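Down below is the structure, laid out as structure tokens.
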Amino acid sequence: MYTSHEDIGYDFEDVPKDKKTLKSHPDIDGGWAWMMVLSSFFVHILIMGSQMALGVLNVEWLEEFHQSRGLTAWVSSLSMGITLIVGPFIGLFINTCGCRGTAIVGGLVNSLGWVLSAYAANVHYLFITFGVTAGFGSGMAYLPAVVMVGRYFQKRRALAQGLSTTGTGFGTFLMTVLLKYLCAEYGWRNAMFIQGAVSLNLCVCGALMRPLSPGKERKDPAGRDPQVPPAHSTESVKSSGRLGRADDKEGSPGREETLGDLADQACPEEAGRRKNLCAFRVLKMVSQLTLRVRKGFQEWYSGYFGAASLFTNRVFVAFIFWALFAYSSFVIPFIHLPEIVNLYNLSEQNDVFPLTSIIAIVHIFGKVVLGIVADLPCISVWNVFLMANFTLVLSIFLLPLMHTYASLAVICALIGFSSGYFSLMPVVTEDLVGIEHLANAYGIIICANGISALLGPPFAGWIYDITQKYDFSFYICGLLYLVGILFLLIQPCIQIIEQSRKKSMGGTQV
């Protein structure tokens with residue numbers, strides 16, 4: 001899906017397609033590959049960390065614009081949701097522009113969204129500037145960061161992805177503290193302006209995404225491009241003209257005027273030739289770009305809309321259904337916890353050590369520990385994944401019952417640790433669809449997570465506007481999340497029963 005000409009990780013031999021062998025690149029699993037991990041780590045800090053810290057700004061927007069909580073929560077939800085929803089479509093940019101160019105442009109667009117949001121006059125203005133603009137820029141920078149780590153690693157891919165995604169936890173902790181300080185010292189408008197400047201570091205991270213060099217292109221023995229005809233430079237024409245004059249002086253002085261006229265005629269001919277060469281190069285560049293865009297679109301279209309076999313897999317369809325409800329249960333606490341703390345009169349304690357920072361820090365350890373446990377040969381990845389999901393559901397149900405800072409801190413720690421299963425999602429997806437469909441399938445799962453992040457926080461805000469409590473929003477989201485998990489458990493059982501029936505029917509026919 002994300003295989004552009006400049007980002008190929010392997011060189012193919014000159015053999016038929018069905019017998020192509022892969023020649024590993026020297027930077028695979030080492031060298032510059034660890035710079036990719038570092039780049040992706042900072043991308044997660046700047047994008048995912050900033051989005052998880054938006055609860056700080058959500059409180060400021062409520063005080064500034066005096067709108068309902070459901071309407072105000074749409075700003076954060078749009079930013080989070082669009083970042084993930086556009087994931088499958090960003091593949092088209094990656095196929096045509098490469099990961100480096102896509103990430104750099106994404107950093108610029110994200111920074112522009114933050115800066116424009118500093119001048120917001122109402123919440124609806126923030127929908128466009130922050131929700132759509134900054135969210136789309138985040139998606140353009142986020143997906144290349146994940147893709148490039150996958151391209152640079154083969155043997156240590158799980159370790160590399162795990163290390164890079166820990167930037168989400170570090171970023172949530174750092175950005176929460178940073179935004180709280182900036183809002184207190186300079187106000188939320190100047191804080192967003194400063195954050196826009198900080199987001200320009202995404203361009204630096206994108207510049208580090210050096211594409212793996214493709215195979216050497218065929219050249220003629222002289223090393224020239226066979227499609228471009230050799231062109232004489234002005235210096236060569238002048239030097240040849242001088243040589244001609246010297247020879248004429250020695251051999252035939254009477255022909256100086258004739259050779260001078262020929263030299264004068266050579267200048268306009270050379271200028272016309274250079275114009276034709278420039279036009280030829282422009283046409284060649286346009287044709288190559290057109291072919292590249294067409295090829296990238298075909299790969300993108302066939303990868304997503306032509307992958308009908310993915311949706312014949314019932315377990316994968318159940319996995320999508322699960323993803324539609326899972327991510328909102330993780331996002332809602334980040335958006336609404338700062339206000340819940342204010343409602344419980346726990347602001348002073350929360351200012352010392354924010355509850356969202358507890359989730360972020362424990363989330364880092366959760367990813368590492370769950371990844372290590374899942375790699376043990378005697379333990380199934382699916383079992384670890386499901387146990388973590390059940391723990392997260394239980395935490396969501398218990399959160400409304402806690403009204404002290406200590407009890408909320410314990411529940412937030414459980415939420416942070418159990419949500420570490422996000423690092424296992426690529427592994428689980430690969431088990432469902434196979435390595436050949438992993439990229440397409442994971443893009444669909446990310447899109448489903450984006451829809452969940454888009455609708456979850458506004459839904460919780462609307463429930464509060466109706467009931468004046470956040471309790472029911474957590475109960476409803478937790479119940480939907482539990483249904484998704486149970487649906488994920490039932491489908492494998494149905495498949496096993498159907499397979500056993502087919503085998504029994506085949507045995508009776510024989």
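The values are calculated or read from the model by the stated rules, or taken from the named source; none is laboratory data. Predicted, not measured: the structure shown is a model, and the values here were computed from it. Note that we place each Cβ from the backbone using ideal geometry, even for glycine, and neighbour counts take in every protein chain shown. Quick note on the areas: whole protein, heavy atoms, side chains included, nothing else; ligands and nucleic acids left out. Shrake-Rupley method; radii C 1.70, N 1.55, O 1.52, S 1.80 Å.
Only residues that are touching a residue at least 12 places away in the same chain (Cβ under 8 Å), open to solvent by less than 80 Å² (accessible area, probe 1.4 Å) and not in a loop (DSSP other than H, G, I, E, B): list them for region 344-358, please.
The answer is ASN350, LEU355, THR356, SER357, ILE358.
Looking for something more than 18 Å from TYR327 (Cα to Cα) and of a type in the set (Lys, Arg) - is there at least one such residue anywhere in region 367-386?
no
Can ILE364 be described as in the same structural domain as HIS336 (by the TED database) and over 21 Å from LEU343 (Cβ atoms)?
Considered against the rule, which asks whether it is in the same structural domain as HIS336 (by the TED database) and over 21 Å from LEU343 (Cβ atoms), ILE364 comes out as yes.
Can you pull out the residues in region 359-382 that are open to solvent by less than 30 Å² (accessible area, probe 1.4 Å) and more than 23 Å from the chain's Cα centre (by Cα)?
The first filter runs over region 359-382 and keeps only residues open to solvent by less than 30 Å² (accessible area, probe 1.4 Å), leaving 359-360, 363-364, 366-367, 370-371, 374, 381.
If the condition is that a residue be open to solvent by less than 30 Å² (accessible area, probe 1.4 Å) and more than 23 Å from the chain's Cα centre (by Cα), then ALA374, VAL381 are the ones that fit.
Return only the number of the condition from (1) out of contact with any Pro (no Cβ under 9 Å at 6 or more places or on another chain); (2) within 22 Å of TYR481 (Cα to Cα); (3) surrounded by 14 or more Cβ atoms within 10 Å (Cβ to Cβ) that PHE311 does not satisfy.
(3)
In region 393-421, what residues are of a type in the set (A, V, I, L, M, F, W, C), within 28 Å of LEU163 (Cβ to Cβ) and free of Cβ contacts under 8 Å to residues at least 60 places away in the same chain?
ALA409, VAL410, ILE411, ALA413, LEU414, PHE417
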